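The values are calculated or read from the model by the stated rules, or taken from the named source; none is laboratory data. Fair warning: this is a prediction, and the values are worked out from it, not measured in the lab. Ideal geometry is used to build each Cβ from the backbone, glycine not excepted, and the neighbour counts take in all protein chains shown.
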Amino acid sequence: MNRSVCWTVLLLVALCASARADAPAPTTQDYVSREEYERLKRDQESLRNELNALRRDRADTGAQVSPASQPTAEGPLDDLQRQLDELRDQVHRGLPGTEHFLLAGDASIGFASQRKNGSTFNATFSPLFLWEPTDRLLFEAAFDVSGTTDPNANSSTDVNLTIADVSYLMNDYLAVGGGVFIVPFGQYHNHFDPPWINKLPDDPLVFSDGGLAPNSQTGIFGRGAIPIGPTKLTYDAYVVNAPNLITRDPAAAGSLAFPAFTNQNGNFAIGGRLGFLPFPELEIGYSIEEGRVSPSNFADVHALLQAADAHYVKDVPFLSGRIDLRAEWVWSNVDRAIYDRRGTLGFGPLALTNYRDGGYLQASYRPLMVNNRILRNLEFVARYDRLRSPLRAPGGNHEQRWTIGVDYWLTPSAVLKAAYEFDQKKSGPDQNAFLVQLGLGL
Amino acid sequence: MWTVRGTRTGTILAAVATTVTALLCGCSTDGPQSHDAAESQPVAASAAGKSGVQLWAENCSRCHYARPPQSFSETQWEVIVHHMRLRADLTGQEARTIAAFLKAG
């Protein structure tokens, strides 16, 4: 640094000297006088000072310009970056999978050709809303949306609430909750009902509309599981608004109506299920529900529902595939009562103990271990189901069906199903049916 | 007003109440762990010595063909496993082990 300063000074001196040399020569002498020397020395000193001052100014200006100019130039940039970050966070929060809220559910599109009923397309959509605000708390809501057309060609949309509950995990072995929930009566409604899980296009008679088993009910519940060595015990207990006894409908008197969203008669039912898994492939269970079901202006009538279920799933290398065996049976007993006591409804007086029972046995096989992809996605299903109610009861019948079907699995949660149903009724015409359905899990 | 009529109802109610009370009192020490706590456990941590993939295959495939872990985000799996814990009667440990496996996938 000092060296360059010296060189600069010398250069300036030289320039000055040459300027002086170029200047008109002194008229009197060719040498530098003492006075001229002193003047040159002052000029040099003055130039050096000016140069140093200039450098300091430049240095000061450089140091001052950056901080001074940055707030004006980079301040808006910082603000913009902040806004960008906030926007990015907001967008991120709105992306699927970043919130403890989930829209799931299922849907189906079907075609049914049934003897004595003609052919029709049908569709259902059942969204399921899940919200987990904390590790222990879960809100669930679901409803079924479907359309129907009555014999008078009047079409309507049905929206049925199936789930609206909140549950709280007390510990590893117990959850409690309440609301409208799918009661764990048997396994079908709780596990196999969705169209992407059910291996056939329709429900077994005992679990269909007008069947014996409750689906959704309103009340409170406790449920959980307890491991016992290599086995596991599962349990469910609940108190709900009791189902309502139908007393005035000539086609259904003596039957139970599910669900009861509000309790109009002060009737409650209690129930539960005990399940046992001796090994993971097998689950067996027993369910019970009991309660007073009669309306307030009717005799005291209780109903007792019971169910037994078994489910076995096993990958069998010998068969190059998976077998799935399901069996459930339901018994429904409504105490003796006299319906249409005065005969004004046209079907009484009718003294009836409405004991009904029914169930299903289902077997399916899917060659999951074969190499052929198309064959691997096929599943073959057979089911026997029946429902018996007293023939003298309103709507009473003995009905049984044999159903064979084949499924093609597009994905683990999308299946195309086709089935043929052989129907036998004790009362009324048999209604064989050909069914096709696309079941989707969302 | 809830009135229990008949010995049948009373007996069942007593049995249910006893069971629930026993579970509430006897099992309340093992509270569910947070997601963070669950994540801190190794995927291989198990219920009855079983791995996450084993419990996933045993419990999920019992009723339906199980969707692969890549089907949902980690947060979505947390919600789904919570829902399925209730629906399929899983223990807390089983649910955490399955969730850890699915989230790791």
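Residues that are within 30 Å of B:Thr91 (Cβ to Cβ), surrounded by fewer than 16 Cβ atoms within 10 Å (Cβ to Cβ) and at pLDDT 95 or above occur in the stretch A:233-251; there is at least one. Flag set for A:Asp249, criterion: over 18 Å from A:Phe181 (Cβ atoms), among the acidic types (Asp, Glu) and in contact with a Gly (Cβ under 9 Å, 6 or more places away or on another chain). Taking strands (runs of 3 or more DSSP E) as the structural unit, those lying wholly within the stretch A:99-152 and holding at least 1 residues that are without any contact (Cβ under 8 Å) to a residue 60 or more places away in the chain and in contact with a Ser or Thr (Cβ under 7 Å, 6 or more places away or on another chain) correspond to A:118-131, A:137-149.
Can we say A:Ala307 is in a strand (DSSP E or B) and either of a type in the set (A, V, I, L, M, F, W, C) or assigned by TED's automatic domain parsing to the domain that holds A:Val206 (or both)? The answer is yes for A:Ala307. Quick check: is even one residue across the stretch A:147-163 closer than 22 Å to B:Arg87 by Cβ, touching a Gly at 6+ places or on another chain (Cβ under 9 Å), surrounded by 14 or more Cβ atoms within 10 Å (Cβ to Cβ) and more than 14 Å from every other protein chain (Cβ to nearest Cβ)? Checking the stretch A:147-163: not a single residue is closer than 22 Å to B:Arg87 by Cβ, touching a Gly at 6+ places or on another chain (Cβ under 9 Å), surrounded by 14 or more Cβ atoms within 10 Å (Cβ to Cβ) and more than 14 Å from every other protein chain (Cβ to nearest Cβ). In the stretch B:84-96, the residues that are more than 19 Å from A:Ile163 (Cβ to Cβ) and assigned by TED's automatic domain parsing to the domain that holds B:Val53 form no Cβ pair under 6 Å with any partner that is modelled with pLDDT under 95 and aromatic (Phe, Trp, Tyr), whether six or more places apart or across chains. Looking across A:Phe318, A:Phe276, one residue alone is farther than 25 Å from A:Arg366 by Cα and either assigned to a loop (DSSP other than H, G, I, E, B) or not basic (Lys, Arg) (or both). It is A:Phe276. Listed by first and then second residue, the pairs linking a residue in the stretch A:411-428 that is over 24 Å from A:Leu368 (Cβ atoms) to a residue that is among the hydroxyl-bearing types (Ser, Thr, Tyr), with Cβ atoms under 6 Å apart and 6 or more places separating them unless they lie on different chains, are A:Glu421/A:Thr403. The number of residues in the stretch A:280-318 being more than 34 Å from the chain's Cα centre (by Cα), within 20 Å of A:Ala269 (Cα to Cα) and surrounded by fewer than 18 Cβ atoms within 10 Å (Cβ to Cβ) comes to 6. Please work out if A:Asp249 is under 30 Å from A:Asn122 (Cα atoms) and in the same structural domain as A:Leu410 (by TED's automatic domain parsing). Yes; evaluated as a whole, the condition is true for this residue. Of the numbered criteria (1) over 21 Å from B:Ile80 (Cβ atoms); (2) surrounded by 18 or more Cβ atoms within 10 Å (Cβ to Cβ); (3) more than 14 Å from chain B (Cβ to nearest Cβ), the one A:Phe143 fails is (1). Just so you know, in the stretch B:47-105 the residues that are touching a Cys at 6+ places or on another chain (Cβ under 9 Å) and more than 9 Å from chain A (Cβ to nearest Cβ) include one that is surrounded by the most Cβ atoms within 10 Å (Cβ to Cβ), and it is B:Ile98. For the stretch A:243-273, the set of residues classified as within 10 Å of chain B (Cβ to nearest Cβ) and over 26 Å from the mean Cα position of the chain (by Cα) consists of A:Asn263, A:Gly266, A:Asn267, A:Phe268, A:Ala269, A:Ile270, A:Gly271, listed by residue number. For the stretch A:109-134, how many residues are within 16 Å of the chain's Cα centre (by Cα) and surrounded by 15 or more Cβ atoms within 10 Å (Cβ to Cβ)? Selection size over the stretch A:109-134: 8. Can you confirm whether A:Gly348 is buried (at least 16 other Cβ atoms within 10 Å of the Cβ) and closer than 18 Å to A:Ser427 by Cα? Taking the combined requirement at face value, the residue does not satisfy it. Residues that are over 19 Å from A:Leu325 (Cα atoms) and assigned to a strand (DSSP E or B) within the stretch A:380-399 comprise A:Leu387, A:Arg388, A:His398, A:Glu399, listed in sequence order. Only residues that are in a strand (DSSP E or B) and out of contact with any Leu (no Cβ under 9 Å at 6 or more places or on another chain) were counted in the stretch A:330-353, giving 4.
Table: residues versus (1) closer than 27 Å to B:Tyr65 by Cα; (2) more than 19 Å from the chain's Cα centre (by Cα).
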residue	(1), (2)
A:Ala142	yes, no
A:Ala153	no, yes
A:Thr157	no, yes
A:Asp165	yes, no
A:Tyr168	no, no
A:Gly177	no, no
A:His189	yes, no
A:Phe207	yes, yes
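The set of residues from the stretch A:153-167 being part of a strand (DSSP E or B) and either within 26 Å of A:Asn117 (Cα to Cα) or not assigned by TED's automatic domain parsing to the domain that holds A:Trp331 (or both) comprises A:Ser155, A:Ser156, A:Thr157, A:Asp158, A:Val159, A:Asn160.
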